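Take a look at the structure set out below.
The values are calculated or read from the model by the stated rules, or taken from the named source; none is laboratory data. None of the values given here were measured: they were computed from a predicted structure. Neighbour counts are summed over all protein chains in view; Cβ atoms, including those assigned to glycine, are modelled from backbone coordinates with ideal geometry.
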Number of protein chains: 2
Amino acid sequence: MSSTSYPPARNNRTRNRKKPRRDEIPDIVIGRLPIYLRTLRQMTAEGKEITSSQELGQILGISSAQIRKDLSHFGEFGKQGTGYNVTYLCRQLEKILNVDHTWPVVVVGAGSLGTAIANYQGFAKRGFQIVAICDEDPGKIGKEVAPGLVVEDCARLSARIREEGVKIAVIAVPAHAAQRVADMLVEAGIRAILCYAPTTLKVPPSVRVEYIDPVIHFQHMTYYLR
Amino acid sequence: MSSTSYPPARNNRTRNRKKPRRDEIPDIVIGRLPIYLRTLRQMTAEGKEITSSQELGQILGISSAQIRKDLSHFGEFGKQGTGYNVTYLCRQLEKILNVDHTWPVVVVGAGSLGTAIANYQGFAKRGFQIVAICDEDPGKIGKEVAPGLVVEDCARLSARIREEGVKIAVIAVPAHAAQRVADMLVEAGIRAILCYAPTTLKVPPSVRVEYIDPVIHFQHMTYYLR
DNA sequence: TCCATTTCGTACATTTTATCACAATTCAAG
DNA sequence: CTTGAATTGTGATAAAATGTACGAAATGGA
Ligand SMILES: NC(=O)c1ccc[n+]([C@@H]2O[C@H](COP(=O)([O-])OP(=O)(O)OC[C@H]3O[C@@H](n4cnc5c(N)ncnc54)[C@H](O)[C@@H]3O)[C@@H](O)[C@H]2O)c1
Ligand SMILES: NC(=O)c1ccc[n+]([C@@H]2O[C@H](COP(=O)([O-])OP(=O)(O)OC[C@H]3O[C@@H](n4cnc5c(N)ncnc54)[C@H](O)[C@@H]3O)[C@@H](O)[C@H]2O)c1
């Protein structure tokens, strides 16, 4: 640990720095923070105590200035001449991203992808706990697809979302069923959806959807394969 | 089918349009094309023959002007007053993206994710055929993880990449092994990598890497959950 | 203590991306 | 044939994102 403490003491320059309102911080900046956090956690695991915007940029393939500017939207986390305390910056990013506690997550669709997700330890390890999974196939209901995780029917899942205040859901059903599932989730109070179905969903503005479609990535890359 | 043919006949305005060199088309534009293509294919499946930038934009939640401008980098594919012929635009985007034929793909890591990928029909259906899978665990080698797909050892996979000229690979191993695997793949001649391991890889500029990490998406969304 | 070196945070410049808005077409209805 | 509504492709403009460069610390060694 370095001798002086993080965060740095206030000084003339920082005293009057205006804090931007949350909603005017560009989404593209928010989108990079989880990458920074992942890298910092990796450093923590390796026992690294200090890093710099230059080192981070090197690892991530982006400029050091961008990292500094991104972070500067939220405060001053580094120390001139030294860099950033890895643990401290981790904690700060976790607070900013709202991941300084565990989030419960539900999964819809207990097919091959849903089962893989339910069994993946990486979610819980990084703060996202799969608390329930459902499927419309009666043949799957009651099956224990992962340790301690039994497939429920969709009505039950909907009720649990409400009762337990779950905000995050994963859609792992075929594309043709995805919109119907999304409607159900929104109705139940879900606010964030990670959609694996290769389709675009229509949801109210208060709900955020992100998509994972590996084929999209393949097709993006093949453009450059000549 | 509409009475007149796509593409539209050339006219004064188009005659002198300069075609931008491939390498100066913004990557962010390329990144949207697969989304357009996916939507158009969906329309094809629904029997829709004509669409418009407005309709596409509505579905995708982006502006019609952006869609028109994106497409305009590559030519003129629509007809004023009418819109776009779905089939024709599909074919054009497939050519542009270089997905007017099937690409062979190899997978490294035959764990739970690798197995799910190997079994997923959605890749082949959209032009990406998993032709081989490998694992370093001797206990997994020889197992048939999907119909017609037997786990090989990594040296054999490397040889096949070379022999068969495979250009695209998926990394589905734990993060700590990912860089080693990437080095092997690059050495074997792979040019595009889809990495599921939650880490950032170092590869030469001639190789493109894209990442899928669901936790990154969760963390992006939790920022907005207050 | 002083100096050389490192690194941050940020004002300003540049580049990139998105939007606007309109002439040119297309087509169908009357 | 004429009119009106719809839609494209694109130059001009606006907005957003990124990069540059530097003053202000912080550190460690002479
Ligand atoms: N398997 C993969 O590796 C993979 C990879 C990328 C994307 N995907 C996508 O993820 C989705 C699921 O893929 P999969 O391979 O698990 O498919 P799958 O057919 O194995 O499983 C889908 C499951 O969803 C259930 N389901 C269907 N409609 C439902 C509804 N309305 N409510 C609740 N459950 C419903 C089905 O009963 C089935 O169990 C698909 O959209 C697929 O394109 C899968
Ligand atoms: N399972 C999921 O749903 C999921 C979701 C997102 C991301 N991931 C990520 O995908 C990766 C794989 O996850 P998983 O659940 O399949 O893990 P897993 O442990 O089930 O499988 C990993 C496999 O990789 C093999 N392996 C390890 N080192 C190797 C090497 N050098 N060469 C070849 N094979 C090697 C192991 O023998 C094992 O079979 C991990 O990085 C994980 O974080 C998994």
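What the table shows:
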quantity: Residues (out of contact with any Pro (no Cβ under 7 Å at 6 or more places or on another chain), in a loop (DSSP other than H, G, I, E, B) and of a type outside the set (Lys, Arg)) located in the stretch B:191-213; calculated: B:Tyr196, B:Pro198, B:Thr199, B:Thr200, B:Leu201, B:Val203, B:Pro204, B:Pro205, B:Ser206, B:Val207
quantity: Conditions (1) closer than 17 Å to B:Trp103 by Cβ; (2) more than 11 Å from chain A (Cβ to nearest Cβ); number of the one not met by B:Pro204; calculated: (1)
quantity: Test result for B:Leu113, assigned to a helix (DSSP H, G or I), within 14 Å of another protein chain (Cβ to nearest Cβ) and within 16 Å of ligand 1 (Cβ to nearest atom); calculated: yes
quantity: When residues of the stretch A:169-190 are limited to those that are touching a Gly at 6+ places or on another chain (Cβ under 9 Å) and in a loop (DSSP other than H, G, I, E, B), the one farthest from A:Val215 (Cα to Cα); calculated: A:Gly189
quantity: Failed condition for A:Pro214, given (1) away from ligand 1 (no atom under 14 Å from the Cβ); (2) facing chain B (nearest Cβ under 7 Å); (3) crowded, with 18+ Cβ neighbours inside 10 Å; calculated: (1)
quantity: Residue within the stretch A:127-144 that is assigned to a helix (DSSP H, G or I) and either in contact (Cβ under 8 Å) with a residue 60 or more places away in the chain or within 16 Å of ligand 2 (Cβ to nearest atom) (or both) present; calculated: no
quantity: Qualifying helices (runs of 4 or more DSSP H) (wholly inside the stretch B:2-103; at least 1 residues being away from ligand 2 (no atom under 16 Å from the Cβ) and modelled with pLDDT under 95); calculated: B:12-15
quantity: Scan of the stretch B:32-72 for residues that are surrounded by fewer than 18 Cβ atoms within 10 Å (Cβ to Cβ), more than 11 Å from chain A (Cβ to nearest Cβ) and away from DNA strand C (no atom under 15 Å from the Cβ), ordered by number; calculated: B:Thr44, B:Gly47, B:Lys48, B:Glu55
quantity: Hits in the stretch B:177-195 - residues which are surrounded by fewer than 21 Cβ atoms within 10 Å (Cβ to Cβ) and either among the hydrophobic types (A, V, I, L, M, F, W, C) or more than 7 Å from every other protein chain (Cβ to nearest Cβ) (or both); calculated: B:Ala177, B:Gln179, B:Arg180, B:Asp183, B:Met184, B:Val186, B:Glu187, B:Ala188, B:Gly189
quantity: Residue in the stretch A:146-158 that is within 14 Å of chain B (Cβ to nearest Cβ), surrounded by 21 or more Cβ atoms within 10 Å (Cβ to Cβ) and away from ligand 1 (no atom under 11 Å from the Cβ) present; calculated: no
quantity: Every residue from the stretch A:128-145 that is out of contact with any helix residue (DSSP H, G or I) (no Cβ under 6 Å at 6 or more places or on another chain) and either within 14 Å of chain B (Cβ to nearest Cβ) or of a type outside the set (D, E, K, R) (or both); calculated: A:Gln129, A:Val131, A:Pro138, A:Gly139, A:Ile141, A:Gly142
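Table: residues versus (1) at positive phi; (2) touching an Asp or Glu at 6+ places or on another chain (Cβ under 6 Å); (3) crowded, with 20+ Cβ neighbours inside 10 Å; (4) at the interface with chain A (Cβ under 9 Å from one of its Cβ atoms).
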position: B:Leu89; (1), (2), (3), (4): no, no, yes, no
position: B:Lys95; (1), (2), (3), (4): no, no, no, no
position: B:Asn98; (1), (2), (3), (4): yes, no, no, yes
position: B:Trp103; (1), (2), (3), (4): no, no, yes, yes
position: B:Val108; (1), (2), (3), (4): no, no, yes, no
position: B:Ala118; (1), (2), (3), (4): no, no, yes, no
position: B:Gln121; (1), (2), (3), (4): no, no, no, no
position: B:Arg126; (1), (2), (3), (4): no, no, yes, yes
